[in-house]
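The values are calculated or read from the model by the stated rules, or taken from the named source; none is laboratory data. Predicted model, so just to flag it, every value in this text is computed and none were measured. Quick reminder, even Gly has a Cβ in these numbers, built from the backbone with ideal geometry, and neighbours come from all protein chains shown. Keep in mind that these areas ignore ligands, DNA and RNA; they rest on the heavy atoms of the full protein, side chains included. Shrake-Rupley method; radii C 1.70, N 1.55, O 1.52, S 1.80 Å.
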Amino acid sequence: MTSPTKKLFLASLMIGACLTAPAFAQEAASQAAARTPAASDRALSAAARADDLVASMTLQEKLAIVHGYFPPMAKPNPPIAMIPSAGHIPGVPRLGIPTLRESDASLGVANQVEQRKGDTATALPASIATAATFNPRLAYAGGAMIGAEARAKTFNVLLAGGVNLTRDPWNGRNFEYLGEDPLLAGVMAGEHIRGVQSNNIVSTIKHFALNSQETGRHVLDARIDRAALQESDLLAFKIAMEIGDPASVMCAYNKVNGDYACENDWLLNTVLKKDWNYKGWVMSDWGAVHSTEKAAVNGLDQQSGQELDMAIYFGQPFEEAVKAGRIPMARLDDMVRRILYGVINTGLMDNPVPDSAQVIDYTAHADVAQRAAEEGIVLLKNKGDLLPFAKTAKKIVLIGAHADVGVLSGGGSSQVRSVGGAPVEIPLTRGEAASFARITWHASSPLKAIQALAPQAQVTYIDGSDPKAAAAAAKDADIAIVFAWAWFTEAQDPESMALPDKQDALIDAVARANGKTLVVMETGGPVLMPWVDKVPAILQAWYPGQRGGEAIARIIFGEVDPSGRLPITFPTSAAQAPRPEPVGLGELHAAEARRDAGDKTNYGQSGGVRPFSVDYPEGAEVGYRWYAAKKRKPLYPFGYGLTYTSFRYANLAITGGASLKVSFDVTNSGQRAGADVPQVYVQGKSAAGALSYRLAGFDKVWLAPGETAHVSVTVDPRVIARFDETAPGWKVDAGTYPVAVGRFAGDSVLSGTATLDALSARP
Ligand code: BGC
């Protein structure tokens, strides 16, 4: 038997039971008319309306809603209409309960391996680029844009809101997340979700919790102190949920302290549902369910993508368990109520998605993608003010990374088939991601964009495969721009942080040939930069989305001031990080060797990787806090980023007592207009006793030369509090707290202290 991995996903595209959109029409028409009176009463609370529906449902209707199809592999009998996408859960037309059509949507409405031929969507930059904007308004705008496209494409549940903290610089999925800081990641995820749901559709938040590496994600046991998890990853989730109120939480693949996240009583029942009083539903990740009773009793409400699990645990076995009383009927009702609560509370019930595709304003949406790309690009180095570059340049040479046709994107379930298509697509031959990812470039040509802004220049491209040829081409150019790339993907971690494809040698050769060399990095996170001292300028462009080429060009020529800041620390080498390489690589390689030797055992999604543990002894001291604690000076710190102008900070005022407020003035002291991201760091003490500065607030201000803005930040006390497991709750001790205002973690332009009262707060 073939293992139920996403491999079959590829093989079965466009066959089986996947029908087309018009088939929905009849179902949608019948939805509108048939609700129960109380369920359609908008004056009642979502909870009351959900209760009424649950009371009106038959056992079979309830059972049907707690598990969902993975359309590419589903074979329902009789066939039903499904869009080829991540998920489908049939509704209950007689009660007006909508069919749930699920799509991945971290960076746009996804269409992995073009399973829906020709269905393009707007591709935002990678989430980490959005985090680098430090601009919550852009996170909201991106979410709102994706939600609008999803609705117009008849999707109503978006698998968005990835907020796992970056604990290791090499995690393959860092590009899909929002960095290493709980406040920044939580705020940005919350705004993104709020944007998605502003379209009266459902967003998830994911992956709950501690899915911090991809290697062995289906089998690994992530081990961490509970209070430390509360102070880090769970705090990011909590902040995001307070802002975005997602209708659904997606539990992760991995185990957390011994139990799979999707059957983890502490995570789901105690933290999420009891302590946080979460009213929505917990859906599993695709292929993350391992049991029926344990999962149901411990808090999972819905099995997603059921064909990817070893069994349809929430199908027949679930029905038998309910009938035998092993799963109480009250628990089934609770599961259904939670799903309906989310559907009603987001407004989806009252505003069903259209029954056929609608026209989308792709031009307006491309602007959203471009703004995020422009504000997310980080200027890491600019020696001798190489940038902004004069448009009067005569000769510009672009080297590498297919910069003639496009910009790279990250891989996996978030893959968008962007408007304009994919000028380069490279299939994978090996590895966990091979079944559902291709190395994909979006059609946004830096070459064309640069040529458009410097029409008099001769702009040429050379592919960089031969460093000597590249150096020769670069030699007499006014500027040589090397586009460096490293492709990261879901399901795999890069085994080295070095740039692939001998790019270090390429950069080296070009930098030797031309002193005016700019390196534009298209990577999902930090990579090794052995050439850092040899080039005068570096732009971190991440995966910049479908307008990335234009955004890069506009930054290069100073049409916009670079205003991105690093949402993760860039270490000098992986050895500086808590774990220098993915844990479990040995297990992964052993499993690959067994498969190569002909082992055909069905290992489910684990692909034969044997279980192992990953310890997170750094606990809450994630990212910059780790580097500070270990006194390791990174290459570029969290929060770092240069501009084409300069900013002065003055007039720090701190008020303490029951609530900490920090205010100060920011003045543009340079010659050009620009944006600054002033950051407030306050020292807190964790439950584990670690003293560390934490990002306690930030702002983004646009200022003309000479202009001053007054910035005021009210600090969320949880950022500096310790989590007391016994209460449970947050505790701030009365005392004096050092405060620093700076440009990045560890910087202190202004400093002072706050005297705070003791504070306790619920989780
Ligand atoms: C990913 C999720 C995604 C789901 C559905 C999983 O492999 O971890 O983030 O939403 O697939 O495609």
Inset, instruction - Kindly list the number of the only condition in (1) at pLDDT 95 or above; (2) under 30 Å from H218 (Cβ atoms) that fails for P562. - result: (2)
Inset, instruction - Any chance you could count how many residues in segment 254-272 are surrounded by 23 or more Cβ atoms within 10 Å (Cβ to Cβ) and either in a helix (DSSP H, G or I) or not hydrophobic (A, V, I, L, M, F, W, C) (or both)? - result: 11
Inset, instruction - Looking for whichever is of a type outside the set (F, W, Y) and closer than 24 Å to A185 by Cα here; the options are A673, A754, A758, A745. Which one fits? - result: A745
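Table: residues versus (1) buried (at least 19 other Cβ atoms within 10 Å of the Cβ); (2) touching a strand residue (DSSP E or B) at 6+ places or on another chain (Cβ under 8 Å).
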| site | (1), (2) |
| --- | --- |
| D493 | yes, no |
| L499 | yes, yes |
| R512 | no, no |
| P544 | yes, yes |
| F570 | yes, yes |
| S573 | no, no |
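In segment 605-627, how many are outside any loop (DSSP other than H, G, I, E, B) and touching a Ser or Thr at 6+ places or on another chain (Cβ under 6 Å)?
Of segment 605-627, the ones outside any loop (DSSP other than H, G, I, E, B) are 605-606, 613-615, 624-627.
Now drop any that are not touching a Ser or Thr at 6+ places or on another chain (Cβ under 6 Å), which leaves 605, 624-625, 627.
Residues in segment 605-627 being outside any loop (DSSP other than H, G, I, E, B) and touching a Ser or Thr at 6+ places or on another chain (Cβ under 6 Å): 4 in total.
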Inset, instruction - Please give the number of the condition L184 fails out of (1) touching a Leu at 6+ places or on another chain (Cβ under 7 Å); (2) open to solvent by less than 10 Å² (accessible area, probe 1.4 Å); (3) under 27 Å from Q576 (Cα atoms); (4) within 16 Å of the ligand (Cβ to nearest atom). - result: (4)
Inset, instruction - May I ask you to list the residues in segment 209-243 that are open to solvent by less than 10 Å² (accessible area, probe 1.4 Å), away from the ligand (no atom under 16 Å from the Cβ) and under 30 Å from A590 (Cβ atoms)? - result: L229
Inset, instruction - Kindly check whether there is at least one residue in segment 83-90 that is closer than 30 Å to L585 by Cα and out of contact with any His (no Cβ under 6 Å at 6 or more places or on another chain). - result: yes
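Out of the residues in segment 187-208 that are small (G, A, S) and more than 13 Å from the ligand (Cβ to nearest atom), which is nearest to the chain's Cα centre (by Cα)?
Taking segment 187-208 and keeping what is small (G, A, S), we get 189-190, 195, 198, 203.
Now narrow it down to the ones that are more than 13 Å from the ligand (Cβ to nearest atom): 189-190, 195, 198.
Numbers: A189: 8, G190: 11, G195: 14, S198: 19 Å.
Selected residue: A189.
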Legend entry - Cβ pairs under 7 Å, 6+ apart, first in segment 302-326 and within 17 Å of L59 (Cα to Cα) and more than 13 Å from the ligand (Cβ to nearest atom), second open to solvent by 40 Å² or more (accessible area, probe 1.4 Å) and in a helix (DSSP H, G or I): A321/E293; V322/M329; R326/E293
Legend entry - Boolean, R722 is surrounded by 16 or more Cβ atoms within 10 Å (Cβ to Cβ), of a type in the set (K, R) and within 24 Å of G564 (Cβ to Cβ): no
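Which one is nearest to F698 (Cα to Cα), of the residues in segment 717-758 that are outside any strand (DSSP E or B) and of a type in the set (G, A, S)?
Going residue by residue through segment 717-758, those that are outside any strand (DSSP E or B) are 717-721, 725-728, 733-734, 743-749, 757-758.
So of that shortlist, the ones also of a type in the set (G, A, S) come out as 721, 727, 734, 745-746, 748, 758.
On the way: A721: 18, A727: 30, A734: 24, A745: 12, G746: 14, S748: 14, A758: 24 Å.
Across segment 717-758, the extreme among qualifying residues is A745.
Say whether the condition of being within 29 Å of the chain's Cα centre (by Cα) and in contact (Cβ under 8 Å) with a residue 60 or more places away in the chain is met by at least one residue in segment 463-482. It would help to see each step written out before you state the result.
Going through segment 463-482, the residues within 29 Å of the chain's Cα centre (by Cα) turn out to be 481-482.
Narrowing the set further to residues that are in contact (Cβ under 8 Å) with a residue 60 or more places away in the chain leaves 481-482.
Checking segment 463-482: at least one residue is within 29 Å of the chain's Cα centre (by Cα) and in contact (Cβ under 8 Å) with a residue 60 or more places away in the chain.
Going by the conditions given, is T643 crowded, with 18+ Cβ neighbours inside 10 Å and among the β-branched types (V, I, T)?
Values: crowded, with 18+ Cβ neighbours inside 10 Å: yes; among the β-branched types (V, I, T): yes.
The answer is yes for T643.
Quick one: which of E621, E550 is under 21 Å from the mean Cα position of the chain (by Cα) and among the acidic types (D, E)? Outline the logic, then answer.
Details: E550 fails: under 21 Å from the mean Cα position of the chain (by Cα).
Only one candidate qualifies: E621.
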Inset, instruction - Scan segment 415-434 residue by residue and report those that are aliphatic (A, V, I, L, M), in a loop (DSSP other than H, G, I, E, B) and either open to solvent by 30 Å² or more (accessible area, probe 1.4 Å) or more than 15 Å from P544 (Cα to Cα) (or both). - result: V419, L428
Inset, instruction - Quick one: count up the residues across segment 470-507 that are over 20 Å from P571 (Cα atoms), within 16 Å of the ligand (Cβ to nearest atom) and of a type in the set (D, E, K, R). - result: 1
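Out of everything in segment 162-174 that is within 14 Å of K206 (Cα to Cα) and not β-branched (V, I, T), what residue ends up being nearest to the chain's Cα centre (by Cα)? First the steps, then the outcome.
Residues of segment 162-174 that are within 14 Å of K206 (Cα to Cα), as a first pass: 162-166, 173-174.
Remaining after also requiring not β-branched (V, I, T): 162, 164-165, 173-174.
On the way: G162: 4, N164: 8, L165: 9, R173: 8, N174: 7 Å.
The selected residue is G162.
Conditions tested, residue by residue: (1) in the same structural domain as P37 (by TED's automatic domain parsing); (2) within 27 Å of the chain's Cα centre (by Cα); (3) free of Cβ contacts under 8 Å to residues at least 24 places away in the same chain.
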residue	(1), (2), (3)
R331	yes, no, no
M335	yes, yes, no
I339	yes, yes, no
S356	no, no, no
Y362	no, yes, no
H365	no, yes, no
L386	no, no, no
K391	no, no, no
V405	no, yes, no
Legend entry - Top-ranked residue of segment 67-113 - restricted to ones that are closer than 22 Å to S413 by Cα and of a type in the set (V, I, T), ranked as farthest from the ligand (Cβ to nearest atom): T99
Legend entry - Residues that are under 12 Å from the mean Cα position of the chain (by Cα), part of a helix (DSSP H, G or I) and within 16 Å of the ligand (Cβ to nearest atom), drawn from segment 118-161: S127, I128, G143
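Restricting attention to segment 716-763, which residues are of a type in the set (F, W, Y) and under 26 Å from the mean Cα position of the chain (by Cα)? If you could, list the steps in order and put the result at the bottom.
To start, the set of residues in segment 716-763 that are of a type in the set (F, W, Y) comprises 723, 730, 737, 744.
Result: F723, F744.
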Inset, instruction - Please find, within segment 412-452, the residue that is nearest to the ligand (Cβ to nearest atom) out of those that are closer than 30 Å to L588 by Cα and of a type in the set (V, I, T). - result: V416
Inset, instruction - Return a yes/no flag: does segment 244-253 have any residue that is of a type in the set (S, T, N, Q), assigned to a loop (DSSP other than H, G, I, E, B) and surrounded by 24 or more Cβ atoms within 10 Å (Cβ to Cβ). - result: no
